[in-house]
Amino acid sequence: MMASQLIPQKWHPTVTPSRRSSERSPAAASGVPRSRRSSVRSTVAASGVRKEDIVIVGGGIAGLATAVALQRVGIGSVVLEQAESLRSGGTSLTFFKNGWKVFDAIGVGDELRTQFLEIQGMVVKSEDGRELRSFRFKDEDESQEVRAVERRTLLETLANRLPPSAISFSSKLKTIEKSSSHNDDTLLKLEDDSLISAKIVIACDGIRSPVAKWMGFPDPRYVGHCAFRGLGVYPNGQPFHPRVTYVYGRGVRAGYVPVSPTKVYWFVCFNSPSPGPKITDPSILRQETEKLLQHWPSELLSIIKSTPDDTIIRTPLVDRWLWPGITPPPSSGKVVLVGDAWHPMTPNLGQGACCALEDAVVLAKNLAEAMKLGTMTVEDALRSYGTRRWPRIFPLTVRANLVGALLQLDNPLVCSLRNNVILPKLVRLGPILEHTNFDFEPLQVQ
Ligand SMILES: Cc1cc2nc3c(=O)[nH]c(=O)nc-3n(C[C@H](O)[C@H](O)[C@H](O)COP(=O)(O)OP(=O)(O)OC[C@H]3O[C@@H](n4cnc5c(N)ncnc54)[C@H](O)[C@@H]3O)c2cc1C
């Protein structure tokens, strides 16, 4: 059979002109808030059902990176985001060299590099402030690149690479089902009861993904610890070295990292038998954080004091292990999961968002082969994405979980062994960051 015959009949991919990395959409340049300039360009059938080629559910890091990666290979998509606008709050995320490789591949690396400090290394301290160990990243691996990036800036940077009509805000997916009337399309019902019939659905709808649930995935599992996070702000310049500082206590650990010349990200992880109630009052969050760190190094407490209320958040940590033969594959027909929707993992290796970015380029490459070159069907492209990504994702999820469990131990003997023997004498940075080595085939930019 000729390769092109494998493409389903009536398949007309939306092809968008790619934008050079330095270009912005005219609407973006106009400064009009994205929430007011987005709409879905689509065909509306007589039945009132909107028809789309590719619908991405969720406008977080995974959704927007996937839309930009697809656009780089000349494939258009529509992103449905439940919120009214891009998530403006949140703190920052640390990206290692695997994340930066993807940023470069989708054309946003240099724009982000100019705004966020390169982190030179890390230092580990005990809760009394004693330095246990320090490393320089480049001493172990010349190609390592580590920067903490504000989530808000990252989302805006990605969104500005897309045409104004690409993101549809206030568009919450309510239900998903196989369409009975439109070939093998998928029918998406939104919260306002409008209907979209999509040829391909890419679900980037995060840890509580309704699409993953529909595909038979179990809920993510709470791992027994929670994290407070925040972003300290220093309008006159922050005083810290560009390195990650970790402080290990008994059942509590914390860390901070300079993000930019004026901002410093911090986190505190603590054991808790249950996720507890959702707390939104910032004064309670601040009080609880400070209570955990009463006699800890003063610099950590001073960063928390410099943190505006609206950036402090508390998150119960969850993950989902993708057991072979038990957990469903990430694609079913022409519906596929990307990022946290597929593989929620604990943040102990700083790899959740890095892996979502990796997913985006691998998926875009596969879809380009199916839709532009016709070397495989769309279903095969999605299946092959799952087959290629699983061996990368599953071990990382397990490893992140085990690292977290070890670091959260509160037994005094174990903690003393960790602080006086394991960290100062046995740990090597090279093997710890081995997982940041990730290669992918380059995207053929259109
Ligand atoms: C404490 C903590 C620290 C972390 N630190 C790091 C780090 O340093 N480095 C790193 O790489 N990763 C880190 N991570 C992981 C990282 O935050 C996630 O992996 C990443 O945000 C996943 O992105 P996503 O787009 O898949 O999901 P999300 O960011 O959750 O985005 C999902 C999007 O889908 C939308 N959505 C949900 N449901 C619907 C619906 N029904 N209809 C329409 N839209 C919907 C949501 O509004 C949201 O915009 C950390 C995580 C935690 C908890």
Q: Test Leu417 against the stated conditions and say whether it is away from the ligand (no atom under 16 Å from the Cβ), free of Cβ contacts under 8 Å to residues at least 60 places away in the same chain and either part of a helix (DSSP H, G or I) or at positive phi (or both).
A: yes
Q. Is it the case that the stretch 158-177 has a residue that's over 30 Å from Phe116 (Cβ atoms), more than 12 Å from the ligand (Cβ to nearest atom) and more than 16 Å from the chain's Cα centre (by Cα)?
A. yes
Q: Any residue in the stretch 331-346 that's of a type in the set (Val, Ile, Thr): show its pairings with residues that are assigned to a loop (DSSP other than H, G, I, E, B) and near the ligand (Cβ under 9 Å from one of its atoms) at Cβ separation under 6 Å, as long as the two are six or more apart or on different chains.
A: Val338/Cys204
Q. Out of the stretch 350-365, which residues are part of a helix (DSSP H, G or I) and either within 9 Å of the ligand (Cβ to nearest atom) or within 22 Å of Trp214 (Cβ to Cβ) (or both)?
A. Gly352, Ala353, Cys354, Cys355, Ala356, Leu357, Asp359, Ala360, Leu363
Q) Restricting to the stretch 95-130, what's the tally of residues that are of a type in the set (Gly, Ala, Ser), more than 15 Å from the ligand (Cβ to nearest atom) and touching a strand residue (DSSP E or B) at 6+ places or on another chain (Cβ under 9 Å)? A) 3
Q) Can you name every residue in the stretch 283-304 that is surrounded by 19 or more Cβ atoms within 10 Å (Cβ to Cβ) and assigned to a loop (DSSP other than H, G, I, E, B)? A) Leu293, Trp296
(Q) Which count do you get for residues in the stretch 305-349 that are near the ligand (Cβ under 10 Å from one of its atoms), part of a loop (DSSP other than H, G, I, E, B) and under 25 Å from Arg286 (Cα atoms)? (A) 1
Q.
For Gly58, only one of the following conditions fails: (1) more than 8 Å from the ligand (Cβ to nearest atom); (2) farther than 20 Å from Glu441 by Cα. What is its number?
A. (1)
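It is to be established whether one or more residues within the stretch 212-223 are among the charged types (D, E, K, R), within 27 Å of Asp128 (Cβ to Cβ) and either more than 20 Å from the chain's Cα centre (by Cα) or in a loop (DSSP other than H, G, I, E, B) (or both). Don't jump to the end; show me each part of the working.
Initial filter on the stretch 212-223 (among the charged types (D, E, K, R)): 213, 219, 221.
Those still in the list that are within 27 Å of Asp128 (Cβ to Cβ) too: none.
There is no residue in the stretch 212-223 that is among the charged types (D, E, K, R), within 27 Å of Asp128 (Cβ to Cβ) and either more than 20 Å from the chain's Cα centre (by Cα) or in a loop (DSSP other than H, G, I, E, B) (or both).
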Q: Filter the stretch 137-189 down to residues that are of a type in the set (Ser, Thr, Tyr) and not in a loop (DSSP other than H, G, I, E, B), then give me how many there are.
A: 6
Q) Do you know which residues across the stretch 190-211 are part of a loop (DSSP other than H, G, I, E, B), at negative phi and not basic (Lys, Arg)? A) Glu191, Asp192, Ser194, Cys204, Asp205, Ile207, Ser209
**Q.** Conditions (1) in contact with a His (Cβ under 9 Å, 6 or more places away or on another chain); (2) crowded, with 18+ Cβ neighbours inside 10 Å: number failed by Val123
**A.** (2)
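Can you work out which of the residues in the stretch 305-351 that are closer than 18 Å to Ala227 by Cα and touching an Asp or Glu at 6+ places or on another chain (Cβ under 7 Å) is surrounded by the most Cβ atoms within 10 Å (Cβ to Cβ)?
Met345
Determine, yes or no, whether Gln446 is closer than 30 Å to Ala368 by Cβ and over 23 Å from the mean Cα position of the chain (by Cα).
Details: closer than 30 Å to Ala368 by Cβ: yes; over 23 Å from the mean Cα position of the chain (by Cα): yes.
Here the answer is yes, as Gln446 does meet what is asked.
If you take the residues of the stretch 46-64 that are among the hydrophobic types (A, V, I, L, M, F, W, C) and at pLDDT 70 or above, which of them is surrounded by the fewest Cβ atoms within 10 Å (Cβ to Cβ)? Lay out the reasoning, then the answer.
Step one: filter the stretch 46-64 for residues among the hydrophobic types (A, V, I, L, M, F, W, C), giving 46, 49, 54-57, 61-62, 64.
Add one more test, that the residue is at pLDDT 70 or above, and what stays is 49, 54-57, 61-62, 64.
Details: Val49: 20, Ile54: 23, Val55: 26, Ile56: 29, Val57: 31, Ile61: 27, Ala62: 29, Leu64: 30.
Top of the filtered list is Val49.
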Q) Of everything in the stretch 252-282 that's among the charged types (D, E, K, R) and outside any strand (DSSP E or B), which residue is surrounded by the fewest Cβ atoms within 10 Å (Cβ to Cβ)? A) Lys278
Q) Of everything in the stretch 178-216 that's under 23 Å from Leu357 (Cα atoms) and out of contact with any strand residue (DSSP E or B) (no Cβ under 8 Å at 6 or more places or on another chain), which residue is farthest from the ligand (Cβ to nearest atom)? A) Lys213
Q) Out of (1) surrounded by 21 or more Cβ atoms within 10 Å (Cβ to Cβ); (2) in a loop (DSSP other than H, G, I, E, B); (3) small (Gly, Ala, Ser), what's the single condition that is false for Gly99? A) (2)
Q.
Suppose we filter Ser134, Ser77, Ser143, Ser92 for residues that are away from the ligand (no atom under 11 Å from the Cβ) and closer than 24 Å to Ala227 by Cβ; which single one remains?
A. Ser134
**Q.** Qualifying residue in the stretch 290-300 (condition: closer than 29 Å to Leu429 by Cβ, touching a Leu at 6+ places or on another chain (Cβ under 9 Å) and of a type outside the set (Lys, Arg))
**A.** yes
Q | Candidate set: the stretch 80-89, residues that are within 11 Å of the ligand (Cβ to nearest atom) and among the small types (Gly, Ala, Ser); chosen: the one surrounded by the most Cβ atoms within 10 Å (Cβ to Cβ) | A | Ser85
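The values are calculated or read from the model by the stated rules, or taken from the named source; none is laboratory data. Nothing here was measured: the structure is a model prediction, and the numbers come from that model. Every residue, glycine among them, receives a Cβ derived from its backbone with ideal geometry; neighbour counts consider all protein chains shown.
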